[in-house]
Amino acid sequence: MNIYQIIQQLIECAITLEFIESEDEIYVRNQILYLLGMNDFVVTDRLQGEPTIADLLEEIVEYAVRNEVIEDLFDEKEILASNIVNCFMPKPSEVNKIFYEKYKENGIEATNYFYKLSKNSNYIQTKRIAKNISYQSKTEYGTLDITINLSKPEKNPKDIMKEKGVKSTNYPKCLLCVENEGYAGRIGHPARSNHRLVRIELVGEPWFLQYSPYVYYNEHCIVLSNEHRDMKIDRQGLVRLVSFVEKFPHYFVGSNADLPIVGGSILSHDHYQGGRYEFAMERAADEYPFQLNQFPGVTCAIVKWPMSVLRLRGKDVKELVDAGDCILHSWRQYSDPSLDILAYTGETPHNTITPIARKRNELFELDLVLRNNRTNEEHSLGIFHPHKDVQHIKKENIGLIEVMGLAVLPARLIQELEEVKKQILGEECNVAEYHQVWAEELSEKYKEIANQGNVEELIKKETAAKFLRVLEDAGVFKRNEQGMAGFKKFIQTVNRI
């Protein structure tokens, strides 16, 4: 490997992608040489092929490890790669200037620019994301998206030991804080030298737009508060969601719930997720139209979906938000013990929502997914959480992305499902204990038809069926006669306010 060739080709890539001008070449080269502890440079012939920035960075990082510039630790390699890219990244002020110049012409052009920048800069880890196993599966509720997440690399024991020895710090306070922009990183905190944020204003407050480094769908973005404060679902939050959609009508945006178990992985920083993707829930049909008496300009419906979803539509943003807020307040206080729904245990609240906003044609839409985080002896992780018989597929919280119909499943399933396939085919296998009952059921179900040619599709279909059950478990009003009657009873309660 010729390190000079690799550095030169990286710089040429940066010029081609319009990160830098040709006049910047020597400057950027010298910055990279310094990071690698190199004191000379020899101009050489170009490498064969068309490697990406991610490919070239891997080569440079490997060189740095071999030559003991850095230790062979995941975080140190990430820090170096991020710092190298930062040598040719535009400053935040430049990114925002270009973004808003494009926004004046077209909001889509602005987000296209920022998304492309985030991918080309290797902030969005496109090469790692490509390792994910993704497919779609048809169900009675529409086509679900299934992803087995292989993109996030696991740390080895050496990384973990190093992390334990590092003194903790409170800067940045969390992974979503604005102070991550340009932060070099450290052992135990990801490198963000190549990270950029777009400044936006939502309801008079400074907020920021970025993309997820491990996108799960097209243009998977994160909208985060300038202030490090807890997640909170309230009227102001609904206003912000609709305000974002007004600014970027080609994006949806939603919020994880603000309570443990039914919330996302980071409840300590107020943020939303959005993007340019149509989930199965958005395509789901209206099942039970109704009207809220106080809001004649808003049309409402129960959505045909495994979870409990109310969809509101209207042209008047204020009336739409008022209707959403009315439902939120009603739900916060609502109990139906016959359906295991209790609003409080003592003073501890259990009811909240997962709200999603979008603009479809000329109408604004709010989807309000009713959530409850109560536990009991039988369901210690949550009554409206994946139950024990499906936790071998999905045990984690059901957040915004899953609610809308995209399963993010753990990497362990890749090898584990291979063993289940073997059992279905009657081959020698080593099925994990928690899959054993399921594997035996599938072996019996498919014993007459399973073969090498179709077993993969059978496993995909059955895995998707388990995820569908996960969503049904998370629904507060079950999809049966008693549950739907309870759902309609709640709507009547809202109308009595």
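The values are calculated or read from the model by the stated rules, or taken from the named source; none is laboratory data. All of these numbers come straight from a predicted model, not from anything done at the bench. Cβ placement follows ideal geometry from the backbone for every residue including glycine, while neighbour counts extend to all protein chains displayed. Areas reflect the complete protein model, heavy atoms only, side chains present, ligands, DNA and RNA absent. Shrake-Rupley method; radii C 1.70, N 1.55, O 1.52, S 1.80 Å.
Give me the extension gain from residue 50 to residue 246: residue separation times 0.36 nm, minus the current Cα-Cα distance, reported in nm with one decimal.
66.5 nm
At 222 nm, what helix-only mean residue ellipticity would the chain give, in deg cm²/dmol to the nearest 500, using -39500 (n - 2.57) for each DSSP H run of four or more?
Computed mean residue ellipticity for the chain: -11500 deg cm²/dmol.
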Net charge near residue 493: determine it from the other residues with C-beta under 14 Å of the C-beta of residue 493, scoring Lys and Arg +1 and Asp and Glu -1. +3
In 10 Å bins starting at zero, report the fraction of Cα pairs in region 447-497 per bin as a rounded %. 22, 27, 21, 17, 10, 4
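Find how much the distance from residue 492 to residue 67 grows on full extension, using 0.36 nm per residue of separation minus their present alpha carbon separation; answer in nm with one decimal. Working shown, then result.
Values: separation 425, 0.36 × 425 = 153.00 nm, distance 7.08 nm.
Contour length minus the Cα-Cα distance gives 145.9 nm.
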Among 39, 82, 70, which residue has its Cα furthest toward the positive end of the charge dipole of region 1-93, with +1 on Lys/Arg Cβ and -1 on Asp/Glu Cβ? 39
How far apart, in nanometres, would the label points at residue 460 and residue 482 be if each is projected 7 angstrom from Cα along the Cα-to-Cβ direction? 3.7 nm
Could you please tell me the mean projected area of the C-alpha convex hull for region 13-147, averaged over all directions and given in square nanometres to one decimal? 12.2 nm²
Residue order for 461, 315 - accessible surface, 1.4 angstrom probe, largest first: 315, 461
For region 456-484 and region 234-285, distance of Cα centres in Å: 23 Å
Report the Cα-based extents of region 1-70 along its three principal axes, largest first, to the nearest Å. 32, 25, 20
For the chain, the convex hull over Cα atoms projects on average to an area in nm² of 27.5 nm²
Inter-part gap, Cα centre of region 306-320 to Cα centre of region 12-26, in whole angstrom, is 48 Å
Using alpha-carbon coordinates, inclination of helix 53-66 to the longest axis of the chain, degrees: 60 degrees
Over every pair of different alpha-carbon atoms in region 344-497, take the mean of 1/r and invert it; report that Kirkwood radius in Å. 18.1 Å
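Which shape class applies to region 257-346: rounded if a/c is under 1.5, otherwise prolate when a/b exceeds b/c and oblate if not, where a ≥ b ≥ c are the square roots of the Cα gyration tensor eigenvalues?
On the way: a/c = 1.44, a/b = 1.15, b/c = 1.26.
It is rounded, given that a/c, with a ≥ b ≥ c, falls under 1.5.
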Ignoring ligands and nucleic acids, residue 152 exposes an accessible area, probe 1.4 Å, in Å² to the nearest 10, of 110 Å²
Summarise the accessible area of region 335-397 (1.4 Å probe, protein heavy atoms) by the percent that is carbon and sulfur. 47 percent
Distance in nm between label sites at residue 186 and residue 214, each 7 Å beyond Cα in the beta-carbon direction? 2.3 nm
Ranked highest first by average number of other Cβ atoms within 10 Å, how do 297-303, 340-346 line up? 297-303, 340-346
Dipole magnitude of the chain, debye to nearest 20 (Cβ charges: Lys/Arg +1, Asp/Glu -1, about Cα centre): 1200 debye
Taking 7 Å along the Cα-to-C-beta vector as the label spot, tell me the residue 235-residue 15 distance in nanometres, rounded to one decimal. 5.9 nm
FRET efficiency (residue 4, residue 93; Cβ distance; R0 30 Å; to 0.05) is 0.35
Rotationally averaged projected area of region 1-40 (alpha carbon convex hull; nm²): 2.8 nm²
Would you rank 175, 80 by solvent-accessible area, highest first, keeping every protein chain in place and using a 1.4 Å probe? 175, 80
Taking the Cβ-Cβ separation of residue 452 and residue 411 as r and a Förster radius of 30 Å, what is the calculated FRET efficiency to the nearest 0.05? 0.80
Consider a paramagnetic label point 7 Å from the Cα of residue 100 along Cα→Cβ; state which residues of region 219-245 have an amide N under 19 Å from it. 223-227, 243-245
Checking the cross-link filter: which aspartates and glutamates have an alpha carbon closer than 12 Å to that of residue 445, excluding same-chain neighbours under 8 positions apart? 462
Rounded to the nearest 0.05, what FRET efficiency is calculated for residue 290 and residue 24 with R0 set to 41 Å and r the Cβ-Cβ distance? 0.10
Taking 22 Å as the cut-off for C-alpha to C-alpha distance, list the pairs among 304/359; 102/247; 388/460; 304/421; 173/232; 91/232 that go past it. 304/421; 91/232
